[in-house]
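Readers should treat all values here as calculations from the given coordinates under stated rules, not as data from a laboratory. Just so we're clear, the structure is a prediction, and the values are computed from it rather than from any experiment. Note that each Cβ is placed from the backbone with ideal geometry, even for glycine, and that neighbours are counted across all protein chains shown.
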């Protein structure tokens with residue numbers, strides 16, 4: 001069975017949705033998505049600036 005592929009944009013959208021739901025900490029979300037905290041902060045900042 002092939003691996004599920006997710007585009008970077010889909011990953012960003014899922015990350016922001018999870019962040020806005022506030023079910024877990026930002027650090028834990030970054031671990032779950034396999035990104036660094038600075039990257040998570042960048043995605044959140046861009047979301048707030050651009051929607």
Only helical DSSP H runs with n ≥ 4 go in: add -39500 (n - 2.57) per run for the chain, normalise by residue count and round the 222 nm mean residue ellipticity to 500 deg cm²/dmol.
-22000 deg cm²/dmol
Against the longest principal axis of the chain, how steep is helix 37-50, in degrees 0 to 90 to the nearest 10, with axes from Cα atoms?
70 degrees
Ranking request for peptides 11-18, 31-38: highest mean number of other beta-carbon atoms within 10 Å first, then the rest in descending order.
11-18, 31-38
Likely footprinting exposure, 29, 20, 49, fewest C-beta neighbours within 10 Å first:
49, 20, 29
Compute the angle between helix 8-21 and the longest alpha-carbon principal axis of the chain, please, reported from 0 to 90 degrees and rounded to the nearest 10.
50 degrees
Just want the ordering: 19, 47, from fewest to most Cβ atoms lying within 10 Å of their own Cβ.
47, 19
Can you compute the radius of gyration and Dmax for the chain, using only the Cα atoms, both in Å?
11.4, 40
